[in-house]
Amino acid sequence: MEPIDIKQSKGNFFRILSQTPRSQLGVMTIKSGGDSGTEDIHPGDQIIYIIEGEADVEINKETCHVREGMALTIPEKAQHHIYNTGRTDLFFLTIYAPPAY
């Protein structure tokens with residue numbers, strides 16, 4: 001297993017960087033005013049960590065604002081959607097347990 005330079009993947013809309021049988025590590029970049037696409041529901045938990053930017057995260061119809069340096073857990077089977085509310089790209093790390101993709 002080798003370390004991953006996460007910032008090299010900035011600009012990719014969505015990319016899985018590594019995984020094990022029980023977890024998956026990915027990154028996502030959403031342009032200003034954009035969103036994560038179709039609302040998702042995953043069979044396991046998803047943890048997001050905001051590296052750059054800010055966003056509104058809607059989880060089961062409740063909205064939470066997050067910004068650089070903040071993390072949020074999206075519980076299993078929760079309907080969710082991420083909106084870039086900032087003026088710059090939103091770049092975040094995402095962990096799925098178990099793997100979702």
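The values are calculated or read from the model by the stated rules, or taken from the named source; none is laboratory data. All values derive from a computational prediction rather than experimental measurement. When we count neighbours, we look across all protein chains shown, and the Cβ atoms used for this are built from the backbone with ideal geometry, even at glycine.
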The listed residue being surrounded by fewer than 16 Cβ atoms within 10 Å (Cβ to Cβ) and closer than 17 Å to Phe14 by Cα, out of Tyr49, Tyr96, Tyr101: Tyr101
Answer from Arg87, Arg67 - the residue that is over 13 Å from the mean Cα position of the chain (by Cα), surrounded by fewer than 17 Cβ atoms within 10 Å (Cβ to Cβ) and of a type outside the set (A, V, I, L, M, F, W, C): Arg87
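Looking at the range 36-63 only, could you name the residues that are over 11 Å from His80 (Cα atoms) and in contact with a strand residue (DSSP E or B) (Cβ under 7 Å, 6 or more places away or on another chain)?
Here is the first cut: in the range 36-63, the residues over 11 Å from His80 (Cα atoms) are 43-45, 47-55.
Listed by number, the residues that qualify are Gly44, Asp45, Ile47, Ile48, Tyr49, Ile50, Ile51, Glu52, Gly53, Glu54, Ala55.
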Whichever residue in the range 1-46 is over 14 Å from Ile74 (Cα atoms) and acidic (Asp, Glu) and, among such residues, is surrounded by the fewest Cβ atoms within 10 Å (Cβ to Cβ): Glu2
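Determine which member of the set Ala78, Ala100 is hydrophobic (A, V, I, L, M, F, W, C), in contact (Cβ under 8 Å) with a residue 40 or more places away in the chain and in a loop (DSSP other than H, G, I, E, B). Break it down stepwise before answering.
Working: Ala78 fails: in contact (Cβ under 8 Å) with a residue 40 or more places away in the chain.
Being hydrophobic (A, V, I, L, M, F, W, C), in contact (Cβ under 8 Å) with a residue 40 or more places away in the chain and in a loop (DSSP other than H, G, I, E, B) holds for just one of Ala78, Ala100, which is Ala100.
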Matching residues, the range 19-48, being out of contact with any Pro (no Cβ under 8 Å at 6 or more places or on another chain), of a type in the set (D, E, K, R) and not in a loop (DSSP other than H, G, I, E, B): Asp35, Asp40
Enumeration of residues in the range 2-31 that are within 17 Å of Thr88 (Cβ to Cβ), touching a Ser or Thr at 6+ places or on another chain (Cβ under 6 Å) and among the small types (Gly, Ala, Ser): Gly11
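Please count how many residues of the range 83-93 are part of a strand (DSSP E or B) and within 19 Å of Ser9 (Cα to Cα). Spell out how you get there, then give the answer.
Our first condition is that a residue be part of a strand (DSSP E or B); within the range 83-93, this holds for 83-84, 90-93.
Then keep just the ones that are within 19 Å of Ser9 (Cα to Cα); that gives 84, 90-93.
Qualifying residue count for the region: 5.
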When residues of the range 15-67 are limited to those that are acidic (Asp, Glu) and at pLDDT below 95, the one nearest to Ala97 (Cα to Cα): Asp40
Number of the exception - Ile47 against (1) out of contact with any helix residue (DSSP H, G or I) (no Cβ under 7 Å at 6 or more places or on another chain); (2) without any contact (Cβ under 8 Å) to a residue 40 or more places away in the chain: (2)
